[in-house]
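Here the structure is laid out as structure tokens; the discussion comes afterwards.
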Amino acid sequence: MMKRRAYSLAFLILLTSCGRLDAIPYAPVQTPETWLQIQPYVEFNIGSQNVIFVQPSTSIIVYLLGIITVAVGLYFFRIRNGQRSRLWWGIALLLWGLGALLAGTSYEAFSYAIKCDGRDACLWTSWWEIIYLLFSVWSIDAMMLAVAYSSADGRLRKWLSGYAIANAILYFLVVMIGAFIPVKFLISFELLLIISAPSILAFFILNGWRYSRYKERLDFIYLGTWIWRGITIAAYFLYLISGNTASLWVKGLWFSENDVLHIGLIVWMMFIARILAPRVKDLIE
């Protein structure tokens, strides 16, 4: 009886939160018609169903990123060999890859069906994107646990591990509050970047300090890993502020700042798989 009540309560909460997300319109307001006017799309039929596939090339690239990332995560599991750092790297990339697939579905490929179809005004976000936000931050937290086992020991390892777990729980609570009330900033990509920044900075500091002191090859490779990610994020923002996306779309060239980001991350995943993964190992206390 108690379990049944708990399931019923969870179901009611989910319904309530879904309704709250419906209260956040896209800004500036877009109708289903204008949604298709501001971005490229293709339309085709599957049986009796009419399917609108938005930003085709970008969607294909982000789906490719998701599949590659999941594959690299599974590769870490296959070569785990008892290493807890490899286990957490596998979890991190599995979450990252699944998040990329969710993001590509709601932000791009099927954004019309999820956010616009049958509505007077398109929605700003969806549960696909809420789960993507959670998976993305949890992925960084799992990386923190991986780095804690491979690049730290003693109190520092415990502190980094505690931070990763606390950050994952805190962000989950923040996102749930943002979805239930709703509060737009709490479920925004901007907050995701703010929440993730301390971990990324910690990676640079820890592996930079360790390499300057011990000259370990793994720390050097870690530095290259974090530097390439930083370059990719910087390239994304530089392309974003350049305004090239809109001008290229007008000319029929479907290339955006998201393509810059996703292509950079595909290269990052290949680097992780080929260079980092075989050399990751636990630091013996």
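The values are calculated or read from the model by the stated rules, or taken from the named source; none is laboratory data. Not measured: the values here are computed from a predicted model. Here the Cβ is made from the backbone with ideal geometry for all residues, glycine too, and neighbour counts use every protein chain on show.
Which of the numbered conditions does W159 fail, given that it passes all the others? Conditions: (1) over 21 Å from the mean Cα position of the chain (by Cα); (2) surrounded by 18 or more Cβ atoms within 10 Å (Cβ to Cβ); (3) among the aromatic types (F, W, Y). Every listed condition holds for W159 apart from (2). The number of residues in the range 206-222 being touching a residue at least 40 places away in the same chain (Cβ under 8 Å) and under 12 Å from V280 (Cα atoms) comes to 5. Being within 16 Å of N207 (Cα to Cα) and crowded, with 17+ Cβ neighbours inside 10 Å: is that true of Y149 here? It is true that Y149 is within 16 Å of N207 (Cα to Cα) and crowded, with 17+ Cβ neighbours inside 10 Å. Whenever a residue of the range 236-254 is surrounded by 10 or more Cβ atoms within 10 Å (Cβ to Cβ), its partners that are at pLDDT 90 or above and aliphatic (A, V, I, L, M), lying with C-beta atoms within less than 7 angstrom and at least six residues away or across chains, give the pairs Y236/V260; Y236/L261; Y239/V260. Look at the range 47-63: where a residue is closer than 18 Å to W268 by Cα and without any contact (Cβ under 8 Å) to a residue 40 or more places away in the chain and a partner is buried (at least 18 other Cβ atoms within 10 Å of the Cβ) and of a type outside the set (V, I, T), sitting 6+ places away or on another chain with Cβ atoms under 9 Å, you get I60/G104; I60/A109. Being closer than 30 Å to P25 by Cβ and either surrounded by fewer than 24 Cβ atoms within 10 Å (Cβ to Cβ) or not β-branched (V, I, T) (or both) is true of A103. Scanning the range 55-96 for residues that are of a type in the set (F, W, Y) and over 30 Å from L253 (Cβ atoms), we see that the one that is surrounded by the fewest Cβ atoms within 10 Å (Cβ to Cβ) is F77. Scanning the range 145-199 for residues being hydroxyl-bearing (S, T, Y) and within 30 Å of A23 (Cα to Cα) gives a total of 3. In the set (1) closer than 24 Å to G73 by Cβ; (2) in contact with a helix residue (DSSP H, G or I) (Cβ under 7 Å, 6 or more places away or on another chain); (3) assigned to a helix (DSSP H, G or I); (4) of a type in the set (A, V, I, L, M), the condition left unmet by L283 is number (3). Scanning the range 213-261 for residues that are outside any helix (DSSP H, G or I), closer than 21 Å to L65 by Cβ and either of a type outside the set (S, T, Y) or out of contact with any helix residue (DSSP H, G or I) (no Cβ under 9 Å at 6 or more places or on another chain) (or both) returns L253, W254, F255. Residues that are within 25 Å of S247 (Cβ to Cβ) and surrounded by 14 or more Cβ atoms within 10 Å (Cβ to Cβ) within the range 33-53 comprise T34, W35, L36, Q39, P40, Y41, I52, F53, listed in sequence order.
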